[in-house]
Ligand SMILES: Cc1ncc(COP(=O)(O)O)c(C=O)c1O
């Protein structure tokens, strides 16, 4: 059988068959153990019980015939059936082993070709979406900074929730509600462990990172900022990290101060340091830029901020999915991320906040779940995180996020990061080699890596034309526009850019296809000149 990397069903099928094989083996083993351990009469009774409960005997003609057998004969029949099934399964397993060996051999071969660069090939088979073709071509998905694809483990977790224990959380004493609550809270614990938070009550589930930032703005911002206080940001922030603070500034009279870029097109952290003062109450910064691919030294920024008594809110949307992020060692006060960029479902994200900060913050939204007691004229509120989770949360989605965290941790965030650094450099080098292309952000350096994305423009071709041609002619998905970073684009002197962004299931082969297609696209538009 020929193996292709898109033969995704493969592993799932192997797992299913393995599971049922294991059940048959267990049954045979149980019966044999009982035979060895117990006296003959007890064994016979147990074996007959087991025999009668086995599904394969559900044929009524067969069952009628069996009524005439003695317990000894039934025992013999039971063992024989199990043995037959065991033999069939053995044959099945043998063929599965062959398929697996073929798959492994293919991966080894690829591994040799790529010089150890194979994570993308191994992982992409777990994503059903990569089985689909567009216009007869496999889809090359390079829009991961916008949202990531979802592996089978996450889809299965969602399906399992909706099929087997769908219920509301924290409200019912019945089995389904208790199970949903346990799984929802387990997901919170998984997220806490993933970013090394001290306690799971430091994790608040929100709709997305945007809502998490708004939560801090409306709750912490409105009650802690006053006229003349300063909030420091960079011109490279995503709109979701700028606009909520504009609302807060308008309401409180606080001042927003923006740090520009260095010549290398990295937010100028030295300037940021210089403008910090006792007026500074908060720094809002991204960890990894969704346009420049630059990575900020968050630990340094936090230490400078704390020296002047300011808090730090980190927009970690583009870092948490791609590298080890440890809130304890970074000592950040708040950090936000979205599930959908880290292989999880849409509709859920999270806010990390130091517990002493969250405990002192007033509620953001009012309603069920977030209260302690409600009277007609006032209410008292639950402790965090419930205080900030008004109404029915995105239960299945949070559980799906938990599954995504398990999946990513199973691969290892360091491994993902190392792989992506190599992919990032490859993408940057190949893109820079295309004539008339301008890539934004810093070149990769020995000390600071670029993230695995490139925003770029091609002389005389609008990025939306590029993206449309790549999609329609080559089935390659990239993004075009301002990427929710208009102030940054204005600073760079452009309205828009094209962006190719990678994840660990991408490969150098994807980059090569993209570059080939980009050259073709550029030639196409050049032919009209
Ligand atoms: C750096 C950054 N911050 C914030 C966001 C907002 O994320 P969401 O739309 O999931 O709230 C994004 C998403 O594109 C992002 O890239």
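Read the figures in this text as sums done on the coordinates, not as results from a lab. This structure is a prediction, so every number in the text was calculated from the model and none was measured. Reconstructed Cβ throughout: ideal geometry from the backbone, glycine too, with neighbour counts over all protein chains shown.
When the chain is fully extended, how far beyond the present Cα-Cα distance does residue 193 get from residue 375, taking 0.36 nm per residue of separation? Before the final figure, lay out the partial values.
Details: separation 182, 0.36 × 182 = 65.52 nm, distance 3.72 nm.
This chain segment gains 61.8 nm when fully extended.
With a cut-off of 8 Å between alpha carbons and a minimum separation of six or more residues, what is the relative contact order of the stretch 190-276 in percent?
Working: 85 pairs, mean separation 21.6, N = 87.
About 25 percent, as a whole number.
Using per-residue counts of other Cβ atoms within 10 Å, averaged over each peptide, order 288-298, 133-143 from highest down.
Put in order of decreasing packing, that is 288-298, 133-143.
Can you figure out the FRET efficiency of residue 326 with residue 100, using R₀ = 25 Å and their beta-carbon distance, to the nearest 0.05?
On the way: r = 36 Å, r/R0 = 1.44.
Efficiency for this residue pair is about 0.10.
Quick one: give the max-minus-min coordinate of the C-alpha atoms of the stretch 153-410 along each principal axis, largest first, in Å.
Extents along the principal axes, in whole Å: 58, 49, 27.
Quote to one decimal, in nm, the extra length available between residue 355 and residue 270 on full extension: 0.36 nm per residue of separation minus the C-alpha distance between them.
On the way: separation 85, 0.36 × 85 = 30.60 nm, distance 3.00 nm.
Full extension of this stretch gives 27.6 nm more.
Can you give me the distance in nm between label points at residue 168 and residue 182, each placed 7 Å from the Cα along the Cα-to-Cβ direction?
Distance between the two pseudo-spin positions: 2.2 nm.
Rank by packing, highest mean first: peptides 461-467, 402-408, with packing defined as the count of other Cβ atoms within 10 Å averaged across residues.
Details: 461-467: 18.3, 402-408: 23.0.
Packing proxy ranking, top to bottom: 402-408, 461-467.
Using a ≥ b ≥ c from the Cα gyration tensor of the stretch 354-445 (square roots of the eigenvalues), is it rounded, prolate or oblate, where a/c under 1.5 gives rounded and otherwise the larger of a/b and b/c decides, a/b for prolate? Each step should come with its number before you reach the end.
On the way: a/c = 3.57, a/b = 2.58, b/c = 1.38.
Verdict is prolate for the stretch 354-445.
With just the Cα atoms defining each centre, how far is the stretch 194-221 from the stretch 476-500? Give it in Å.
So the separation of the two Cα centres works out to 27 Å.
What FRET efficiency do you get for residue 486 and residue 262 if R0 is 25 Å and r is their Cβ-Cβ distance, rounded to the nearest 0.05?
Working: r = 20 Å, r/R0 = 0.82.
Efficiency, rounded to the nearest 0.05: 0.75.
Hey, can you rank 417-423, 375-381 by average C-beta count inside 10 Å, highest first? Walk me through the intermediate numbers first.
Working: 417-423: 20.1, 375-381: 9.0.
Ranking the peptides 417-423, 375-381 by packing returns 417-423, 375-381.
Given the Cα-Cα distance of residue 468 and residue 243 and 0.36 nm per residue of separation, how much length would full extension add, in nm?
On the way: separation 225, 0.36 × 225 = 81.00 nm, distance 2.94 nm.
Difference between extended and current length: 78.1 nm.
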